[in-house]
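Some notes on the structure that comes next.
The values are calculated or read from the model by the stated rules, or taken from the named source; none is laboratory data. These numbers come from a predicted model, not from an experiment. Heads up, the Cβs are rebuilt from the backbone with ideal geometry, glycines too, and the neighbour counts pull from every protein chain shown.
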Ligand code: C2O
Ligand code: CU
C-alpha cells in the first residue's frame, strides 16, 4: 500500500533525483571534454545531490512511517538551505563571508542542541503511562479455589541428552510446574522470588485476566523483587491452552526458563491430553523440556490431544507423521478436517493437535530432525520427519464466528526497523509507527468498542504481535479475507499486512508487543489505553516489562 511507498516517493526521491540529474548533466560533459575549466556549477550540483541523498536516507532509516509534516519540512529546508549556502559561497569565489559563517554556526548549534535534547529526553527515566487508580479486580470467591506456589530460583538442569543448562526456574524445574484447572475454578498462585539479581512477575499469556492480575511490571504491578512475593487470583472462565511466564526483562528471563503451561479444561480430559511447550535452551531445542526423541506408550484407539505451545522467540514449523486435526488456535476451538500438512506456530502461539492413536508410532516434530515426541503402541521405531505442505491456519477448517458488522475505531501499527533514540542513544530499533517504547502512541479505546487494527510489517523480520488481555479476530491478510480466526499471537511476516478486530471488553492499561522478545526490548512494544483507566505504577529502574 501507500505506506510502503509514500515518503519514499514524496520526499526521498525528490530530494535525490533532481539534484542527481543536474549533477550528471553538468559534470558529465565537463568530465568528457578535454578543456577542463572550473565553473561553480560543476561543484554545486554534486554537492546538492549529496545533501539530498543524505536527507533521503534519513527519511528512510530514521523517520519512517508516518513521515509527518515537521520532519519532512526540516529535511527539505535543510537541503534547500544547504543549496543556497553552497551556491552563494561558490559564487563569491572565496571563503564564506561573515553572514554565512554566522548563519552556519547558528544552524549547527541549533542542530546540536536539538540532538542533545532529544537524546536527553530518551534517557531511561521514571514514566507513568496513565496516572490514576488501577482498575479494581472483581473478587469472585464462590468457585472452587485451586492454589499453586511458584518460586523463582536459579538451578542447573540436566537435559535428557545429559547437557547441563544454567537456568532460571520455577520450583527448580523448567518448564515450570504445569498449572491445570477446570473451567470455572478460581486460580490462586503465590509467586515468590528467590533470585538475587532480578525481579519477576507472572503473566498469563493469552488469558483474559483482570488487568491487575496481568503481571506487567510498571503497568499492573511492581516487579516482585528478591525476597518478595505476590498473589495472583482470578477465575478461569475461559477454556483452552495457555502459558505463564515472567514479564520482568522477559527477553532474558523467559528464554532462561521462567515459564510454564496453563491449561483450563471444560470437562475432565480423557485419553492422552498434554501441554507441550517448545523451548530452546541455549541453542538446544526441547519439547516439554526434553531434547532429542522422547516417547509415550499409547494404546491404539486412544484419543490424543497435543497442546503445542511455542515459548520461543521465533516461529516453529510443527507437524505430525500421521493425519491430525487442528482443534484449537491460541486456546479457541476451531473445526477442521484431518491434514497431513505442517503448520507455522507463531512465537507465543498455541495449536491443539488431535487424532486417534493409530496402530503404528506417531511423531510430533517441531521442524528439526532428531527432536520430537514419539507416541508409540510399543515399538521403538521413530517415524520419518513430517514433510507435508504448509497449511495456512487462517484458511484451514471451519469457524463458527461472525465478524463485527461495524467498527467504532481504527488504528494502524506500522512495524519497521529504524534508527531511533533509545536510552539516550541513536540505535537501530524495532519501531511501531516510527517510535519506540514507551513513546509509541497508545491505541486508545473505550470499553465496548470494536477496533479495526491494521498491522503492517515493513521490516525484514517476523513480528508475532501479542496484545495482552484480549484476543483479536483475524479478518484479512494482504487484502484477502481469511476465515475469521481468534488469535492472541499472530505472526506478521515481512511485507505482510494483517487486519484484525479487537473487542475492547476488558478495561485497563494493557501491554501489546512483538513476542520476538528481543524486538520488544528494542522498542516494538506499545500499550492499549482504555479511556479513564489508569495505573498507580511506573516504569522505573525496577520495572522493565519489555
Ligand atoms: Cu507472552 Cu507480553 O507476553
Ligand atoms: Cu518483532
Any idea which residue in segment 295-321 is farthest from residue 257 (Cα to Cα), counting only those that are in contact (Cβ under 8 Å) with a residue 60 or more places away in the chain and assigned to a loop (DSSP other than H, G, I, E, B)?
-> 300
Count - residues of segment 434-451 that are more than 20 Å from residue 546 (Cβ to Cβ) and surrounded by 20 or more Cβ atoms within 10 Å (Cβ to Cβ) | 2
Residue match in segment 489-503 (condition: more than 23 Å from residue 344 (Cβ to Cβ), at pLDDT 95 or above and either more than 14 Å from ligand 1 (Cβ to nearest atom) or in contact with a helix residue (DSSP H, G or I) (Cβ under 8 Å, 6 or more places away or on another chain) (or both)) = yes
Answer yes or no: is there a residue in segment 249-263 that is more than 13 Å from ligand 1 (Cβ to nearest atom), modelled with pLDDT of 95 or more and more than 22 Å from the chain's Cα centre (by Cα).
-> yes
Residue list for segment 472-488, filter: away from ligand 1 (no atom under 16 Å from the Cβ), in contact with a strand residue (DSSP E or B) (Cβ under 6 Å, 6 or more places away or on another chain) and assigned to a strand (DSSP E or B) = 473, 474, 475, 476, 477, 482, 484, 485, 486
Filter segment 94-124 for residues that are touching a residue at least 40 places away in the same chain (Cβ under 8 Å) and assigned to a loop (DSSP other than H, G, I, E, B); the one that is surrounded by the most Cβ atoms within 10 Å (Cβ to Cβ) is 122
Can you run down the residue pairs with Cβ atoms below 9 Å, 6 or more apart or on separate chains, where the first is in segment 439-455 and at positive phi and the partner is assigned to a strand (DSSP E or B)?
-> 448/503
Under 8 Å between Cβ atoms, at least 6 apart or on separate chains: pull out the pairs that start in segment 459-480 with a residue that is free of Cβ contacts under 8 Å to residues at least 40 places away in the same chain and on the phi < 0 side of the Ramachandran plot and end on any residue that is part of a loop (DSSP other than H, G, I, E, B) and within 16 Å of ligand 2 (Cβ to nearest atom).
-> 472/488
Count - residues of segment 363-389 that are surrounded by fewer than 15 Cβ atoms within 10 Å (Cβ to Cβ) and touching a strand residue (DSSP E or B) at 6+ places or on another chain (Cβ under 6 Å) = 2
Can you spot a residue in segment 230-243 that is part of a loop (DSSP other than H, G, I, E, B), closer than 18 Å to residue 153 by Cβ and more than 16 Å from ligand 2 (Cβ to nearest atom)?
-> no
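Yes/no per residue for (1) touching a residue at least 60 places away in the same chain (Cβ under 8 Å); (2) assigned to a strand (DSSP E or B):
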position	(1), (2)
143	yes, no
147	no, yes
161	yes, no
181	yes, yes
190	no, yes
198	no, no
Within segment 521-532, residues buried (at least 24 other Cβ atoms within 10 Å of the Cβ) and within 12 Å of ligand 1 (Cβ to nearest atom) come out as 524, 526, 527, 528
All conditions in (1) part of a strand (DSSP E or B); (2) within 15 Å of ligand 1 (Cβ to nearest atom) are true of residue 469 except (1)
Only one of these conditions is not met by residue 535: (1) within 15 Å of the chain's Cα centre (by Cα); (2) crowded, with 23+ Cβ neighbours inside 10 Å. Which number is it?
-> (1)
1 or more residues away from ligand 1 (no atom under 16 Å from the Cβ) and at pLDDT below 95: qualifying strands (runs of 3 or more DSSP E) within segment 407-462 | 409-422, 425-432
Wholly enclosed strands (runs of 3 or more DSSP E) of segment 493-546 bearing at least 1 residues within 16 Å of ligand 2 (Cβ to nearest atom) and without any contact (Cβ under 8 Å) to a residue 60 or more places away in the chain | 497-503
Name the residues in segment 454-464 that are within 16 Å of ligand 2 (Cβ to nearest atom) and in contact with a strand residue (DSSP E or B) (Cβ under 6 Å, 6 or more places away or on another chain), would you?
-> 455, 456, 457, 458, 459, 462, 463, 464
Conditions (1) over 11 Å from the mean Cα position of the chain (by Cα); (2) surrounded by fewer than 23 Cβ atoms within 10 Å (Cβ to Cβ); (3) within 16 Å of ligand 1 (Cβ to nearest atom): number failed by residue 510 | (2)
Exception for residue 270 within (1) over 18 Å from residue 175 (Cα atoms); (2) at pLDDT 95 or above; (3) out of contact with any helix residue (DSSP H, G or I) (no Cβ under 9 Å at 6 or more places or on another chain) falls at (2)
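Listed here are the residues, each with its yes/no results for (1) within 16 Å of ligand 1 (Cβ to nearest atom); (2) surrounded by 20 or more Cβ atoms within 10 Å (Cβ to Cβ).
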position: 131; (1), (2): no, no
position: 151; (1), (2): no, no
position: 182; (1), (2): no, no
position: 206; (1), (2): yes, yes
position: 224; (1), (2): no, yes
position: 237; (1), (2): no, no
Restricting the search to segment 343-362, which residues are assigned to a strand (DSSP E or B) and buried (at least 21 other Cβ atoms within 10 Å of the Cβ)?
-> 343, 345, 350, 351, 352, 353, 362
Of the residues in segment 274-294, those that are out of contact with any strand residue (DSSP E or B) (no Cβ under 6 Å at 6 or more places or on another chain), closer than 16 Å to residue 307 by Cβ and assigned to a strand (DSSP E or B) number 2
